[in-house]
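The structure appears below as structure tokens.
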Amino acid sequence: MITTYIVFDHRGRSKAGQEGPLEVRLTHERKPYYINTGIKITGRQLRDGQIVGRGDADILNERLKMIVRNIEQAVNNRIENGLPIDVAEIRREAYGMKPAKDVSKTGMLDWIAEEVPHLNISAGTRRRYDVLVNRLRLYGKLTAWDDLTVENIYKWDAWLHQLHAPQSNGDIQAGRVKFIKDSAVYNYHRTLGAMLSRAVKFGIIEHNPYERLRGEFRRGISENTEYLSEDEIAAIESLHPMEGTQMAMARDLFVFQMYTGLAYADTQAFDIANYKKVATESQQTGQKRQYRWVYVGGRIKTGVAYVSQLLPQAVEVLERYGWQVPKVGNAQYNVSLKVIQQALGIRTRLHSHLARHTFATRMLALGVKIENVSRMLGHTNIKQTERYAKVLAESVQADFDMVAGKLKT
């Protein structure tokens, strides 16, 4: 006998109040199995196996019924034919996908492309998988399951390190050739390795070659870390575009990042409900009571824990938008930042991550311990944070050189 239940994120990976995977839990002979439905909701939107509190609840419930019906049929077929309960095969049958024995004939890249839509990942991460497939097709020597050898992975790595990075007009005029960063190469390996682990789980291949290459490919640390000066920060803060325009929202989002250190993905998932409102020490009589907003959670991109406290400038932005962060598409955000850069005459290229760099270097310059800055940013290790300290040290050294030059005259 089998039983089916609808459950929300049984691994508990989703943050409170945020969307997570809706799954079907199968129980056969007292053993549970979980199958992702591809539907994402918040925990509060599931009640008694039904999706509630959404405008598209009726449509999603119909889709959910169809998925459950297909899963139950697939399980019953396997039991009647004396086949083992194989979650991967059941999901394939329920979704009308090709069985694994046919997958091996289609090739590794076709299989990866087919699997990506079923992954519980963000749209940004999904694009990373799409880019991986395109890179592998361009390489052309790592497309079949039989190509998966340690030697071929090393050759793939060498090829990646020869890829040219996008060049600016200045690079072209100066004849400079740039290659993609070690961090980009590392992400290609990590993404491919994750898909190969999935293939092992589904029984398509026996071993993941990356298991024999642990520690061989490293992320690397970017040497060029730019940040804004105090004058440039003041210029951005003093800019007040017409309220409600894309430029105004981009300016406010950039200021919010400069005072929180949050990455773009984390700002777009921001929810004030996740922050704990704590009253500060008692104020003098007649003064308005002060609060601080504190959050300890994990980054969207990496899941690494970080600590966040909203500074007054960040709170000011939130109050302007009803305690929400301005929602700006990444592409439009970067376009608006470029317009702001040109309008203010800032030489440094404005982009989302620059606000995060500025926050980090500013915290260190103000005397915050590097270990604490690392926790504020949610870095995986302190070496990632040390590059900001290095930038500050170089800036101090440049000032010393300037003073030394003036003292000689």
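The values are calculated or read from the model by the stated rules, or taken from the named source; none is laboratory data. Just so we're clear, the structure is a prediction, and the values are computed from it rather than from any experiment. Every residue, glycine among them, receives a Cβ derived from its backbone with ideal geometry; neighbour counts consider all protein chains shown. Just the protein is used for accessible areas: all its heavy atoms, side chains included, with ligands, DNA and RNA removed. Shrake-Rupley method; radii C 1.70, N 1.55, O 1.52, S 1.80 Å.
For Ala343, the stated conditions hold: it is surrounded by fewer than 15 Cβ atoms within 10 Å (Cβ to Cβ) and farther than 21 Å from Ala123 by Cα. Looking only at segment 99-108, filter to residues that are crowded, with 16+ Cβ neighbours inside 10 Å and under 23 Å from Thr37 (Cα atoms); which one of those is modelled with the highest pLDDT? Only one residue tops the list, namely Val103.
Here Ile51 meets each of (1) among the β-branched types (Val, Ile, Thr); (2) surrounded by 17 or more Cβ atoms within 10 Å (Cβ to Cβ); (3) farther than 18 Å from Ile121 by Cα; (4) modelled with pLDDT under 85 with one exception, condition (4). For segment 346-370, taking the residues that are among the basic types (Lys, Arg) and exposed (fewer than 15 other Cβ atoms within 10 Å of the Cβ), the one that is nearest to Gly124 (Cα to Cα) is identified as Arg349.
Rundown of residues vs (1) of a type outside the set (A, V, I, L, M, F, W, C); (2) at pLDDT 90 or above, yes/no style:
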{"position": "Ser229", "(1), (2)": "yes, no"}
{"position": "Glu232", "(1), (2)": "yes, yes"}
{"position": "Ala250", "(1), (2)": "no, yes"}
{"position": "Leu253", "(1), (2)": "no, yes"}
{"position": "Ala265", "(1), (2)": "no, no"}
{"position": "Ala269", "(1), (2)": "no, no"}
{"position": "Asn274", "(1), (2)": "yes, no"}
{"position": "Arg289", "(1), (2)": "yes, no"}
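Applying the set (1) in a helix (DSSP H, G or I); (2) open to solvent by 10 Å² or more (accessible area, probe 1.4 Å) to Gln324 leaves exactly one unmet item: (1). With respect to being within 20 Å of Asn36 (Cβ to Cβ), at pLDDT 85 or above and not hydroxyl-bearing (Ser, Thr, Tyr), Ala113 fits the description.
Here Ile221 meets each of (1) modelled with pLDDT under 75; (2) over 20 Å from the mean Cα position of the chain (by Cα) with one exception, condition (2). Of the residues making up segment 256-263, one or more are among the small types (Gly, Ala, Ser) and modelled with pLDDT under 90. Taking the residues in segment 312-328 that are in contact (Cβ under 8 Å) with a residue 24 or more places away in the chain and among the aliphatic types (A, V, I, L, M) as candidates, determine which candidate is farthest from Ala273 (Cα to Cα). Among those residues, the one meeting the criterion is Val328.
Only one entry of Arg387, Arg347, Arg356 meets the criterion of being within 22 Å of the chain's Cα centre (by Cα) and either modelled with pLDDT of 85 or more or not in a helix (DSSP H, G or I) (or both), and that entry is Arg356. Here's a check for you: in segment 128-146, which residue that is touching a Lys or Arg at 6+ places or on another chain (Cβ under 9 Å) and open to solvent by 40 Å² or more (accessible area, probe 1.4 Å) is nearest to Asp110 (Cα to Cα)? Only one residue fits best here, namely Thr143. Against the definition (modelled with pLDDT of 90 or more, surrounded by 12 or more Cβ atoms within 10 Å (Cβ to Cβ), polar (S, T, N, Q) and farther than 29 Å from Gln309 by Cβ), how does Thr191 come out, yes or no? When the stated conditions are applied, Thr191 passes them.
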